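Below is one structure, written out as structure tokens; the observations come after it.
Derivation of every value follows stated rules applied to the coordinates shown; laboratory data play no part. The structure presented is a predicted model; accordingly, all values stated were derived computationally and were not measured. Note that each Cβ is placed from the backbone with ideal geometry, even for glycine, and that neighbours are counted across all protein chains shown.
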Amino acid sequence: MLDWDQHNEGHIREAQGVSREEAEDVLLSPDRFLKRADPSHGERRLAVIGTTAPGRALAVLYTHRA
């Protein structure tokens with residue numbers, strides 16, 4: 001399940017031009033590529049590289065929280 005932080009959702013839309021749906025396409029894509037990203041604020045972050053349903057290539061960084 002993906003739980004969106006309001007600040008981050010607004011940031012990716014306004015600053016990066018990426019919709020929530022596009023980011024979720026990449027995060028849930030079966031052909032995605034995962035890589036560890038540099039930790040920020042002491043959190044483990046992952047970079048997911050993949051494509052959206054229409055074929056746009058994106059890299060999405062996320063933090064896994066329990």
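Structure summary
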| item | result |
| --- | --- |
| Selected residue (criterion: surrounded by the fewest Cβ atoms within 10 Å (Cβ to Cβ)) from residues of the range 17-35 that are free of Cβ contacts under 8 Å to residues at least 24 places away in the same chain, in contact with a helix residue (DSSP H, G or I) (Cβ under 9 Å, 6 or more places away or on another chain) and outside any helix (DSSP H, G or I) | Ser19 |
| Subset of the range 36-46 [more than 12 Å from the chain's Cα centre (by Cα) and in a strand (DSSP E or B)] | Arg36, Asp38, Pro39, Ser40, Glu43, Arg44 |
| Residues (surrounded by fewer than 12 Cβ atoms within 10 Å (Cβ to Cβ) and of a type in the set (Ser, Thr, Tyr)) located in the range 36-66 | Ser40 |
| Members of the range 11-34 found to be of a type in the set (A, V, I, L, M, F, W, C) and closer than 11 Å to Val48 by Cα, listed by number | Ala23, Val26, Leu27, Leu28, Phe33, Leu34 |
